[in-house]
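What follows is a short report on a single structure.
The values are calculated or read from the model by the stated rules, or taken from the named source; none is laboratory data. Owing to the predicted nature of the structure, the values given are computational and were not obtained by experimental measurement. Because the Cβ atoms are built from the backbone with ideal geometry, glycine has one as well, and the counts that use them run over all protein chains shown.
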Amino acid sequence: MNRLVAKTVTCGLIGLLSITAMAHGANHKQWIGTWATAPQPPSPGHLQSFRNQTLRLIVHTSAGGTKVRIKISNIFGDHPLHIGRAHIARRTDAAEIDPTSDRTLKFHGQSSTTVAAGSMVVSDAVGLEVPALSDLAISLFLPGTTEVKTTHVLPKQTSYVSTETGDSTAEVKFPVAKKISTWPLLTGVDVEASSRGAAIVAFGSSLTDGDGTDSDSNGRWPDVLAERLQKSANGKAELGVLNEGIIGNRLLNDSPVQAAGGRFGAVLGQAGLKRFQRDVLDQSGVRYVIVGLGINDIAMPGSLTPDSESIKAESIIAGYRQLIAAAHARGVRIIGTTNPPFGNSFLNLGPSEAPITFYTSEKERVRKKVNAWILDSGEFDGAVDLDAVLRDPSHPTQLLPSYDSGDHLHPNNAGCRAEGNAIPLWLFRRPLDR
């Protein structure tokens, strides 16, 4: 047998055995994330406000468990956030829930809570059978008038807002006033696992967030990875997959507030180097992180940001090294992924404006140099060549047409499935077992 193939097969068997062992676990219990999303401030002109209404937010789990808790964030708020009541249940269809699964969530024993500006809260644990790869409905009652300044703007998931009738958190047939395509306030759902449980954080930009996939399809590549992990252990893998992608996010720089006439504001997120602690290392049970940042650092200068902000490959590599050091200091295994092709990519700002284009030959040289370092340096604990998965062999600077969502940058569901299928499961051995 070829030596490389033999190594891959052996590692694959070890990894699958490790995943199966996680299903059996030990007596010690711990919390792991089963779902998460990265908090963002709203984009300018899109501040959501609710008055005496209930939000019913739909999320898709990765790992299962029998105890659950949620996380509510007011990290970008400038006033205290009041939650009048919160419930969690298994979703059946649209905004409806299974009444036998409905549970009241409390906070330090109280049914209501106030989240200080710039902070977050974690609910008390509640017993609930949470299947892997299932939909949960988290209902939050917002009494009075609430301006939502912490949200996630690209969930690719439909959620629901009630009529102005007060507390509807326990309603089986939710009184829907409107549908929303954001995740306000909610940033995490944890389940209790054995000591062998762990969370994998997918840390990236819109390519991780799922831009280009169909709404309500759970077609992002982290969803595909979660499906594979559960299938490998007959639905018992205690491995959560948490999507911490943010559209337009960069590794080295914050959201370009003045870009495109200021229409983005701070919504594209803090630099990956800044948010790594909060969005990765602070996640419950994190033992692995998959990094997918860098393409926007390369592509934006001269397009959305000034030419003067052009990034050298060495700067991106230095940023990766900072992430690697921070991860290793916490005993977290860190996996790099190559930056995908972006030839002919564009961004439409509006019907009366010319599209913004991103590709240049100089940017391509930077992308190739960065990708070569990811694959060849050995400084990440593992590397996955997503560029090779997505590119058109006939035009290697461009996405394969069958994977292209239309803007020549973001993969569609088929492309994301190919990415998720390309990640070796043996990477998820015990942390830093090198």
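Here are a few things to note about the model shown:
- Restricting Gly197, Gly212 to those that are on the phi > 0 side of the Ramachandran plot and either at pLDDT 95 or above or in contact with a Cys (Cβ under 9 Å, 6 or more places away or on another chain) (or both) reduces the list to Gly212.
- Whichever residue in the range 232-266 is touching a Ser or Thr at 6+ places or on another chain (Cβ under 6 Å) and part of a strand (DSSP E or B) and, among such residues, is farthest from Pro355 (Cα to Cα): Gly240
- Search result, residues across the range 123-162 that are closer than 20 Å to Ser217 by Cα and among the basic types (Lys, Arg): Lys156
- Residue match in the range 262-276 (condition: assigned by TED's automatic domain parsing to the domain that holds Gly420, without any contact (Cβ under 8 Å) to a residue 40 or more places away in the chain and of a type in the set (D, E, K, R)): yes
- Residues within the range 343-376 that are closer than 30 Å to Phe428 by Cβ and touching a strand residue (DSSP E or B) at 6+ places or on another chain (Cβ under 8 Å), tallied: 2
- Among strands (runs of 3 or more DSSP E) entirely within the range 46-128, having at least 2 residues that are touching a Lys or Arg at 6+ places or on another chain (Cβ under 8 Å) and within 23 Å of Gly269 (Cα to Cα) singles out 120-122.
- A search for C-beta distances below 6 Å between a residue of the range 128-152 that is touching a residue at least 40 places away in the same chain (Cβ under 8 Å) and any residue that is assigned to a strand (DSSP E or B) and of a type in the set (Gly, Ala, Ser), counting only pairs 6+ apart in sequence or on different chains, returns Val130/Gly65; Ala137/Ala89; Leu140/Ala86; Glu147/Ser49; Thr150/Ser73.
- Strands (runs of 3 or more DSSP E) (entirely within the range 323-434) containing at least 2 residues that are at pLDDT 95 or above and over 24 Å from the mean Cα position of the chain (by Cα): 395-399
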